[in-house]
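The structure appears right after this line, and notes come after that.
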Amino acid sequence: MKNTTEYVLNKLLVQLFNDILQIEKNAMNNTEFKDLSITEIHTIEAIGKEGNRTMGEIANDLRITVGTLTTVERKRIEEDRRVVVVYLTESGKKVFDEHTLFHKEMIDEVAKNFEDYELKVLTKALSKVSEFFEDKYQDLKE
């Protein structure tokens, strides 16, 4: 039974990951921002609409190096010229809004298929899965 459970869990996690990325890409292809890659869209999401985040904060959220962030608007803050913050352009804010809408619609569609108690169990289970991957990620950094 365990081998079957392991097989099904592996298949589900891989399938969900791939499906979400593909659906996300297709959803953004139906907007004026179809020329942006998913990586660029996720960078915009990590910066957030309010902006003023440091390169290190964004790189940490995205699990990438600071050097990878070559396509963002940057400015030094006057209080400490060593600190570089990034922010979204007006176009970036539009991408952020469109991507946020995609995620809201995705969650709304998933949630409507569950009873409240099932959503609580699903949320708890996914939180445990997320903790596992976060721990694995932290191990890689050490």
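Of the residues Thr100, Thr31, the single one that is of a type in the set (S, T, N, Q) and either within 24 Å of Phe133 (Cα to Cα) or touching a Gly at 6+ places or on another chain (Cβ under 6 Å) (or both) is Thr100.
Exactly one of (1) open to solvent by less than 50 Å² (accessible area, probe 1.4 Å); (2) aliphatic (A, V, I, L, M); (3) under 27 Å from Ala27 (Cα atoms) is unmet by Val85. Its number? Failing condition for Val85: (3).
Considering (1) assigned to a helix (DSSP H, G or I); (2) among the hydrophobic types (A, V, I, L, M, F, W, C); (3) surrounded by 16 or more Cβ atoms within 10 Å (Cβ to Cβ), the lone condition that Val14 does not fulfil carries the number (3).
Residue count for the stretch 40-59 under the criterion of being touching a residue at least 12 places away in the same chain (Cβ under 8 Å) and open to solvent by 20 Å² or more (accessible area, probe 1.4 Å): the result is 8. Of the residues making up the stretch 88-142, just one is more than 19 Å from Ile64 (Cα to Cα), open to solvent by 80 Å² or more (accessible area, probe 1.4 Å), aliphatic (A, V, I, L, M) and more than 18 Å from the chain's Cα centre (by Cα), namely Val121.
The values are calculated or read from the model by the stated rules, or taken from the named source; none is laboratory data. The shown structure was predicted, so the numbers you read here are calculated from the model rather than taken from an experiment. Here the Cβ is made from the backbone with ideal geometry for all residues, glycine too, and neighbour counts use every protein chain on show. Areas reflect the complete protein model, heavy atoms only, side chains present, ligands, DNA and RNA absent. Shrake-Rupley method; radii C 1.70, N 1.55, O 1.52, S 1.80 Å.
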